[in-house]
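J.: Let me give you the structure first, and then I'll get to my questions.
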Amino acid sequence: MTTDRPRLLERPDPVRRSMFAIGCIAIGAATAGFLAATLRFFVPNVLYEPSRRFDIGPPSGFPPGAVTFLPDRRLYVFNGTDGFYTISSVCTHLGCNVKRGGPGFACPCHGSQFNENGQVVQGPAPKPLAWYSLSLSPHAHLVVDLDHPVTPEFRLRA
Amino acid sequence: MRHRLAVWFDGVRRSVWRIGWPVTDKDRAAAMISSLFLHIHSARVSRHVLKPTYTFALGLVSGILFIVLSVTGLALMLYYVPYPPEAYRSMKDLQFVVTFGIVLRNMHRWSAHAMVGVVFLHMCRVFWTGSYKPPREFNWVVGVLLLLLTLGLSFTGYLLPWDQLAFWAITVGTNIAAYAPVVGDQVKFLLLGGHMIGPMTLLRFYVLHCVILPLAMLLLISLHVWRVRKDGLSGAEISASPTEERAGVFPASAKTYGLMGLTTRPRASVEARDPNDEVFAWPHLLYRELLVALAVIVVLHVVSLVFMAPLEEIADPTRTPNPAKAPWYFLGLQELVHYSALVGGVIVPTLIVLALLVLPYIDRGTSGSGRWFAPERRLANSVFTTLAVVSVVLTVIGTFFRGANWAWVWPWK
Ligand code: FES
């Protein structure tokens, strides 16, 4: 090595070296933090959409043994012999509205078929239609909660 | 006095244009080099590059389409309101109220469709001529990203008219995204800005379409073109005959361009060609480019005056049209999704994109580069051609052979 170079460059001072490493880690961590914060920024905290939990009126609005379709909610409401239940009309394939046909449901878009419980009988749909929980409000109205999927055993007696 | 004014004006002119209107070849070369917009070109180019049957000007045409899209898009922004149902109403305004509004909208829509096709063809051309070979491997990767951005821009533009076509195409598209394992639902939520397509979705797609993606595109196009400039077009090497005397206006230089000047190993020597095989970019290349630009713009105008961009009824989330089709360039994907959502919608596309990205690092060496369908590259070309043909066939099936319930129909019946 040449002798006219400053000693510092030849053999880095260990203290300086670790300071540099700490600096790098700190800058890296700060950058990662900012990125994470920015990513989080894109997730809205308030959704100005119809509530995921909503009142669909008194049980008397749904005649016994009949099926009612609520197009705005994309929801079928059943009043069966053993209680109320709801099945989503959103096809689990690509999101078209399924139609009641025969005992079950048929999707117009790519020909998926579901039985009366929403289980896939045929077609590209990979999952059964969603069932959502029903409950009674204090005014004895039916309330659907789209954030609470339930199994096809679900019934609400009202 | 007059003399001093003339000198003053000349000073102003020179501050803008360093060189007067060039008369000699040497001046033209100097003009090319000293202008921000022209120095994308080398001062001289190989004759090989000028042959229309080598590049078919596909890269140039994609660039021109991008400019047309930027200009028409900016104009449309003056009348467009990204909020439902005003969005749909502003489409109606463009159609019926704004003078030439419909022409601009048609131009924007058809250029976007053309760009998807032309960029795809450009990729095919680059593959079939083996132009992703060293030193252009990374530029191929940039090109693949540009293809994805082109698709992203077309897709995000689709929701903006807020008609039935738009609404259900986005429903289908974002549901395909939701099939991605682990992150699928989150990606869909982020894209929609909620659980359902609504004002938030429209705003997000608007910002993506008008700001984020175009900026990314501009950056990558600059990188892409800059690297073409540095590496030269492939095939220029073929005509290089280093034994011949290198004489000409510019003496051959030993200057080489490494990977952004970072590598120590010289890769392609831009000047290592036979100068006798080269011509000045101005006029030979420049005028051809202007001619192509003119042709593209004329064709776009004719198409936009004759064919109307579709606008269906206003979006109705409760009524699904049957069939609900995505934009045509996704119909191949939708056809695949029809068989299996996860395999067709996520796995196959991901694998194809990954394969395209790593391709130049697997198929290495320079053999057969710069020629159409070089026999040395028969295997690579047949694999690629098969894939390209399959994707075209699937798209054609999805577009013309699928009707209600996605059942098979004969388009002529
Ligand atoms: S959306 Fe129902 S089958 Fe495709």
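J.: Taking only segment B:167-195 into account, find how many residues are free of Cβ contacts under 8 Å to residues at least 12 places away in the same chain and either under 18 Å from B:GLN334 (Cα atoms) or within 24 Å of the chain's Cα centre (by Cα) (or both).
T.: Result for segment B:167-195: 1.
J.: Tell me, yes or no, whether segment A:127-148 has at least one residue that is part of a strand (DSSP E or B), open to solvent by 50 Å² or more (accessible area, probe 1.4 Å), within 16 Å of the ligand (Cβ to nearest atom) and free of Cβ contacts under 8 Å to residues at least 24 places away in the same chain. Quick ask: steps written out before the conclusion?
T.: As a first pass, look at segment A:127-148 and keep what is part of a strand (DSSP E or B): A:131-136, A:142-148.
Keeping just the survivors that are open to solvent by 50 Å² or more (accessible area, probe 1.4 Å) gives A:136, A:147-148.
Now restrict to residues that are within 16 Å of the ligand (Cβ to nearest atom): none.
No, segment A:127-148 contains no residue that is part of a strand (DSSP E or B), open to solvent by 50 Å² or more (accessible area, probe 1.4 Å), within 16 Å of the ligand (Cβ to nearest atom) and free of Cβ contacts under 8 Å to residues at least 24 places away in the same chain.
J.: When you go through (1) closer than 30 Å to B:LEU38 by Cβ; (2) touching a residue at least 12 places away in the same chain (Cβ under 8 Å) one by one for B:ASP93, which number turns out not to apply?
T.: With respect to (1) closer than 30 Å to B:LEU38 by Cβ; (2) touching a residue at least 12 places away in the same chain (Cβ under 8 Å), B:ASP93 is out only on (1).
J.: In addition: Working only within segment A:58-87, note down all residues that are more than 16 Å from the ligand (Cβ to nearest atom) and among the β-branched types (Val, Ile, Thr).
T.: A:VAL67, A:THR68, A:VAL77, A:THR81, A:THR86
J.: Residues to consider are B:VAL182, B:VAL116, B:VAL144; find the one that is more than 14 Å from chain A (Cβ to nearest Cβ) and out of contact with any helix residue (DSSP H, G or I) (no Cβ under 8 Å at 6 or more places or on another chain).
T.: Working: B:VAL116 fails: out of contact with any helix residue (DSSP H, G or I) (no Cβ under 8 Å at 6 or more places or on another chain); B:VAL144 fails: out of contact with any helix residue (DSSP H, G or I) (no Cβ under 8 Å at 6 or more places or on another chain).
None of the others qualify; the one that does is B:VAL182.
J.: Next question. For segment B:330-350, what are the residues that are within 30 Å of B:PHE138 (Cβ to Cβ), open to solvent by less than 30 Å² (accessible area, probe 1.4 Å) and at pLDDT 85 or above? Full working, then the answer.
T.: We begin by selecting, within segment B:330-350, every residue within 30 Å of B:PHE138 (Cβ to Cβ); these are B:330, B:332-333, B:336, B:345-350.
Among the residues that remain, those that are also open to solvent by less than 30 Å² (accessible area, probe 1.4 Å) are: B:332, B:345-346.
Residues satisfying the conditions are B:GLY332, B:VAL346.
J.: When you check B:ALA295 against the structure, is it more than 21 Å from B:THR150 (Cα to Cα) and surrounded by fewer than 17 Cβ atoms within 10 Å (Cβ to Cβ), yes or no? Quick ask: steps written out before the conclusion?
T.: Details: more than 21 Å from B:THR150 (Cα to Cα): yes; surrounded by fewer than 17 Cβ atoms within 10 Å (Cβ to Cβ): yes.
The answer is yes for B:ALA295.
J.: Where residues in segment B:314-324 are under 30 Å from the mean Cα position of the chain (by Cα) and within 9 Å of chain A (Cβ to nearest Cβ), which of them is surrounded by the fewest Cβ atoms within 10 Å (Cβ to Cβ)?
T.: Checking each candidate, the answer is B:PRO323.
J.: Of the conditions (1) within 11 Å of another protein chain (Cβ to nearest Cβ); (2) open to solvent by less than 70 Å² (accessible area, probe 1.4 Å); (3) out of contact with any Pro (no Cβ under 9 Å at 6 or more places or on another chain), A:LEU94 fails just one. Which one is it?
T.: Of everything listed in (1) within 11 Å of another protein chain (Cβ to nearest Cβ); (2) open to solvent by less than 70 Å² (accessible area, probe 1.4 Å); (3) out of contact with any Pro (no Cβ under 9 Å at 6 or more places or on another chain), A:LEU94 misses just condition (3).
J.: Which of the following residues is in contact (Cβ under 8 Å) with a residue 40 or more places away in the chain and near the ligand (Cβ under 10 Å from one of its atoms): A:VAL98, A:VAL90?
T.: Selected residue: A:VAL90, the only one of A:VAL98, A:VAL90 that is in contact (Cβ under 8 Å) with a residue 40 or more places away in the chain and near the ligand (Cβ under 10 Å from one of its atoms).
J.: Further, regarding this structure: Output the number of the condition that B:VAL353 fails; it satisfies all remaining conditions of (1) part of a helix (DSSP H, G or I); (2) away from chain A (no Cβ under 14 Å); (3) open to solvent by 70 Å² or more (accessible area, probe 1.4 Å).
T.: Going through (1) part of a helix (DSSP H, G or I); (2) away from chain A (no Cβ under 14 Å); (3) open to solvent by 70 Å² or more (accessible area, probe 1.4 Å) one by one, B:VAL353 breaks only (3).
The values are calculated or read from the model by the stated rules, or taken from the named source; none is laboratory data. All figures in this text were calculated on a predicted structure; none of them were measured in a lab. Every residue, glycine among them, receives a Cβ derived from its backbone with ideal geometry; neighbour counts consider all protein chains shown. What goes into the accessible areas is simple: the full protein's heavy atoms, side chains included, and nothing from ligands, DNA or RNA. Shrake-Rupley method; radii C 1.70, N 1.55, O 1.52, S 1.80 Å.
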